[in-house]
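Presented below is the structure to which this report refers.
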Amino acid sequence: MLKLKRILLIAPHDMIHTAAFDRAQALASANGALLHIVAFEFVPALAMAGLFDPGAMAQAREGYLQVHRHWLEQQARFQRCAGLRVTTEVVWATPSLAHVLEYVNDFHADLVIKDTHHVPALDRAFHRPLDWLLLRDCPAALHLVTEARHPRPLKVLAAIDLSHLEELTQGLNDRILNLASTLAASCGAVLQVLNVSHWSVVGDAPRSLPTLALDASLRDAVNDAQEEAFDVLADRYGVEKRHRHLLTGIPHAVIGQFAQEHDVDIVVLGTACHHGFDRFTGSTAESVLNRAPCSLMIVKPT
């Protein structure tokens, strides 16, 4: 079973205790992990002032950072009282993808947690928000928190994809179930697993076609193969039969509806790296994030 030893919480810059704080504390406590909280802080006006008076700017910047450090330490103090190992840092830098990824790599995080922020579709057409960029590039498992009614999750859903051979996705389904079962076991949560049948690989091509476009006999054979693979995976991770779900439809729509109807706290799903224009479009993870009924945890191939 996977071990979560180092959890990184990316805190918002406006010094507000958010749902991600509660979820990070709960998961760190449940897994006995180190929790490190980082905030990225940058004030363009202070940086501009430094062009004219570097000494005064440095003093003002240090005073600004000290306020934020004190606030983060207060949050950490409450968590240490609960027996957690918690460290904090405030970094003078913009929360850009490059800065965040550099920090994630330097910290060697097993899990990165941050609050998710809804961005209207029109804005996404011109600007890719950090959440979406992290979906694509974050090397560690990524937990995007929408809310935390239950800081320690009660229901975990593993959304797997059996439309491709495992070798094409580098064991992604195994990684999804490994992480989901770890969360469920450590938190005492119910683990459910869902596969949405909509796409099927034909021959050796790494592309997919709607199952409805296949010949009936071939479609039945594909569905039988997926059901068999589904049961093998579910058995491997001890998922009860009543918590196994094979549904049909558009994946992101079915996942979102299922999570809402079953009051799921966390959906664990995978995303693979795409190239060219497709790296920005067509991802089930991105589509679910845009309509997320609950918090998401994203897993990458090895």
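Tabulated data
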item: Given (1) modelled with pLDDT under 95; (2) closer than 19 Å to Glu227 by Cβ, index of the condition Gly171 fails; result: (2)
item: Some residue of the range 273-294 being in contact with a Pro (Cβ under 6 Å, 6 or more places away or on another chain), closer than 15 Å to His143 by Cβ and either at pLDDT 95 or above or in a loop (DSSP other than H, G, I, E, B) (or both); result: no
item: Residue list for the range 30-40, restricted to those being in contact with a Pro (Cβ under 9 Å, 6 or more places away or on another chain) and not aliphatic (A, V, I, L, M); result: Phe40
item: Matching helices (runs of 4 or more DSSP H) fully within the range 1-103 where at least 1 residues are touching a Cys at 6+ places or on another chain (Cβ under 9 Å), under 30 Å from Asp174 (Cβ atoms) and modelled with pLDDT of 90 or more; result: 19-31
item: Index of the failed condition, Ala148 passing every other in (1) modelled with pLDDT under 90; (2) farther than 30 Å from Tyr103 by Cβ; result: (2)
item: Extreme residue, nearest to Ser181 (Cα to Cα), among residues of the range 136-146 that are part of a loop (DSSP other than H, G, I, E, B) and touching a Lys or Arg at 6+ places or on another chain (Cβ under 9 Å); result: Ala140
item: Residues that are of a type in the set (Gly, Ala, Ser) and under 17 Å from Asn173 (Cα atoms), drawn from the range 233-251; result: Ala234, Gly238
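The values are calculated or read from the model by the stated rules, or taken from the named source; none is laboratory data. This is a predicted model, so every value here is computed, not measured. Positions of Cβ are generated from backbone atoms using ideal geometry, with glycine treated the same way; all protein chains shown enter the neighbour counts.
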